[in-house]
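Undergrad: Would you mind keeping the following structure in view while I ask a few things?
The values are calculated or read from the model by the stated rules, or taken from the named source; none is laboratory data. Note that the coordinates shown come from a computational prediction; the quantities given were computed from them, not determined experimentally. Virtual Cβ from ideal backbone geometry, glycine too; neighbours counted across all protein chains shown.
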Amino acid sequence: MSFFSIQWRLSSIFLVILILSACQRLHSDNKRLEPLPQDPFVQVYFNHSQSSQYLEPYRQQTHQGDDLEKLIVETISQAKSTIDVAVQELRLPKIAQALVDKQKSGVKVRVIIENLYNRPWSSFNVNEVKKLEKREQQRYQDYRLFADSNKDGKLSIEEINKTDALVILNQAKIPLLDDQADASKGSSLMHHKFVVVDNRFVIVTSANFTMSDIHGDFTNTNSLGNANNLLKIYSPELADLFTKEFNLMWGDGVSGKSDSKFGLQKPLQNSHRIILGDNQITVKFSPNSPTQTWLQSSNGLIGNTLSSASQSIDIALFVFSEQRLANILEIRHNNNVKIRALIEPGFAYRPYSEALDMMGVALSEKCKNQLDNQPWKNPITTVGVPVLAKGDLLHHKFAVIDHKTVITGSHNWTKAANNGNDETLLVIENPIVAAHYQREFNRLYANSRLGIPPKIQQKMKSQSKQCQK
């Protein structure tokens, strides 16, 4: 075969690849939706958004969604005086470097994280890695592969200094503490995910600042990141409330008095409502002691908001195990409110899951049902799990009520979040904001599995036989 024949064939193959690629892009573009209008004060973003796409910076692949990390970095870069970050886990080097750059420019930076995630990935030895849960082991391996830029199987000091977020912060001597500060035993979880900049901007998100929560698992090219949302809010009044919450946990910082307060060590905090343009925003910080009135707690605020529904309630949750909220939903259902719910598959079918109640069934443990378990007498068929890429989780904690009110934040619908964790809960009344969450729910619901899957049905039959013996 002549050189020109080979060249012609290669050119033809290349042309076919270009056509297929163009068709694929056209197909992808056809799925793109027009961006929704944003409220001037409360802007909403999703890492799986149908109206945008971005080049993910670590795997260098383009996928549908908003770049939540970029939004956080851009907000940090606007700081003139102060930045406060409270997040369960911080592993993204670009966010860490943005904080370092602002501190170098004279901005006061403070960071609080959960004590379970207070160690740099690069500090773990082989034996310590073996003791981690399977998913954490995979995340550690993902970090090593990402950090090993020259692919020699080893991590140099230079590679670590560029990629390990906590090392980047520590080397810059950025003040950082966790919920074991000042000899504290720690809260159940320091589960906040917020940033306050210059007492003007507040970022509240369901996402931890990690690759898997925002972009996707490094070694899994199909992963698009856990499904998460982010709010960027311009409000000095709201920023002041978040700064007060931060200061309770911070105390005098990394040295000095033993005055950091986490979890139930914090004083009882009531909810606060502010008016922000066309928004009515109610903010509540957890936890509340179980000895205090439930209606004054974060779950009580959720329950009160659900009780206001007259038409529809759409729910997308990581975990749903609070019985009182399920009972309130049943009352709304019996009053002809249309209810749809999606729960993370890893939690949807556990014995404590309220998704089972809503479907009118129960799973027992050793022939004993969960305490106060109340399967609905008039169950619904609009409950299920989203179908996501392998490795990705439904990490949202939101609900949309009557297409005009949104419940969101870091707060899972559980007793643990209500009575132990440091959490943020927001209720936002604004149809413009609600439209964004409604679109996200509709996206998830359009590709979901509803009802009880065959494996769980078989498990229930087996349990029924065993428990009758």
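Undergrad: Which one of Gly225, Gly216, Gly256 is assigned to a loop (DSSP other than H, G, I, E, B), among the small types (Gly, Ala, Ser) and touching a Leu at 6+ places or on another chain (Cβ under 6 Å)?
TA: On the way: Gly225 fails: touching a Leu at 6+ places or on another chain (Cβ under 6 Å); Gly256 fails: touching a Leu at 6+ places or on another chain (Cβ under 6 Å).
Just a single option satisfies the conditions, and that option is Gly216.
Undergrad: A further question on this structure: Look through Lys284, Lys266, Lys257 and report the one residue that is under 16 Å from Phe194 (Cβ atoms), over 21 Å from the mean Cα position of the chain (by Cα) and not polar (S, T, N, Q).
TA: Lys266
Undergrad: Then there is this: For the stretch 331-358: of the residues being among the aliphatic types (A, V, I, L, M) and more than 30 Å from Arg135 (Cα to Cα), which is surrounded by the fewest Cβ atoms within 10 Å (Cβ to Cβ)?
TA: Among residues in the stretch 331-358 that are among the aliphatic types (A, V, I, L, M) and more than 30 Å from Arg135 (Cα to Cα), the one surrounded by the fewest Cβ atoms within 10 Å (Cβ to Cβ) is Ile331.
Undergrad: Can you tell me how many residues in the stretch 52-95 are assigned to a loop (DSSP other than H, G, I, E, B) and either in contact with a Gly (Cβ under 8 Å, 6 or more places away or on another chain) or not assigned by TED's automatic domain parsing to the domain that holds Asp198 (or both)?
TA: Here the count works out to 3.
Undergrad: Scanning for something touching a residue at least 12 places away in the same chain (Cβ under 8 Å), in contact with a Pro (Cβ under 9 Å, 6 or more places away or on another chain), surrounded by fewer than 22 Cβ atoms within 10 Å (Cβ to Cβ) and aliphatic (A, V, I, L, M), does the stretch 227-250 turn up at least one residue?
TA: Within the stretch 227-250, one or more residues are touching a residue at least 12 places away in the same chain (Cβ under 8 Å), in contact with a Pro (Cβ under 9 Å, 6 or more places away or on another chain), surrounded by fewer than 22 Cβ atoms within 10 Å (Cβ to Cβ) and aliphatic (A, V, I, L, M).
Undergrad: Can you tell me which residue among Asp217, Asp179 is in contact with a strand residue (DSSP E or B) (Cβ under 6 Å, 6 or more places away or on another chain), among the charged types (D, E, K, R), farther than 30 Å from Phe41 by Cβ and not assigned by TED's automatic domain parsing to the domain that holds Ala416?
TA: Of Asp217, Asp179, the one residue that is in contact with a strand residue (DSSP E or B) (Cβ under 6 Å, 6 or more places away or on another chain), among the charged types (D, E, K, R), farther than 30 Å from Phe41 by Cβ and not assigned by TED's automatic domain parsing to the domain that holds Ala416 is Asp179.
Undergrad: Related question: Of all residues in the stretch 95-140, count the ones that are loosely packed, with under 14 Cβ neighbours inside 10 Å, touching a residue at least 12 places away in the same chain (Cβ under 8 Å) and over 20 Å from Asp178 (Cα atoms).
TA: Result for the stretch 95-140: 1.
Undergrad: Within the stretch 281-323, track down each residue that is polar (S, T, N, Q), within 29 Å of Glu237 (Cα to Cα) and assigned to a strand (DSSP E or B). Step through it out loud before you land on a result.
TA: As a first pass, look at the stretch 281-323 and keep what is polar (S, T, N, Q): 282, 286, 288-289, 291-293, 296-299, 304-305, 307-308, 310-312, 321, 323.
With within 29 Å of Glu237 (Cα to Cα) added as a condition, the list becomes 282, 286, 288-289, 292-293, 296-299, 304-305, 307-308.
Residues satisfying the conditions are Thr282, Ser286.
Undergrad: Answer with yes or no whether Asn299 is surrounded by 14 or more Cβ atoms within 10 Å (Cβ to Cβ), closer than 18 Å to Thr414 by Cβ and without any contact (Cβ under 8 Å) to a residue 12 or more places away in the chain.
TA: no
Undergrad: Only one of (1) at pLDDT 95 or above; (2) not in a loop (DSSP other than H, G, I, E, B) fails for Gly106. Which number is that?
TA: The one condition Gly106 does not meet is (2).
Undergrad: Would you tally the residues in the stretch 43-85 being more than 15 Å from Val197 (Cα to Cα), β-branched (Val, Ile, Thr) and surrounded by 13 or more Cβ atoms within 10 Å (Cβ to Cβ)?
TA: 1
Undergrad: Let me ask another. Looking at the stretch 37-46, is at least one residue assigned by TED's automatic domain parsing to the domain that holds Lys154, modelled with pLDDT of 95 or more, closer than 27 Å to Leu177 by Cα and hydroxyl-bearing (Ser, Thr, Tyr)?
TA: No, the stretch 37-46 has no match at all.
Undergrad: Do any residues in the stretch 378-395 that are among the small types (Gly, Ala, Ser) have Cβ atoms under 6 Å from those of residues that are surrounded by fewer than 18 Cβ atoms within 10 Å (Cβ to Cβ) and part of a loop (DSSP other than H, G, I, E, B), where the two are at least six apart or on different chains, and which pairs are they?
TA: Sorted first by the residue in the stretch 378-395, then by its partner, the pairs are Ala389/Asn222; Gly391/Asn220.
Undergrad: Scanning for something surrounded by fewer than 20 Cβ atoms within 10 Å (Cβ to Cβ), assigned by TED's automatic domain parsing to the domain that holds Leu295 and over 24 Å from Ile331 (Cβ atoms), does the stretch 374-388 turn up at least one residue?
TA: yes
Undergrad: In this structure, is Gly346 farther than 25 Å from Pro290 by Cβ and not in a helix (DSSP H, G or I)? Explain how you work it out, then say what you get.
TA: Working: farther than 25 Å from Pro290 by Cβ: yes; not in a helix (DSSP H, G or I): no.
So Gly346 does not fit the description; no.
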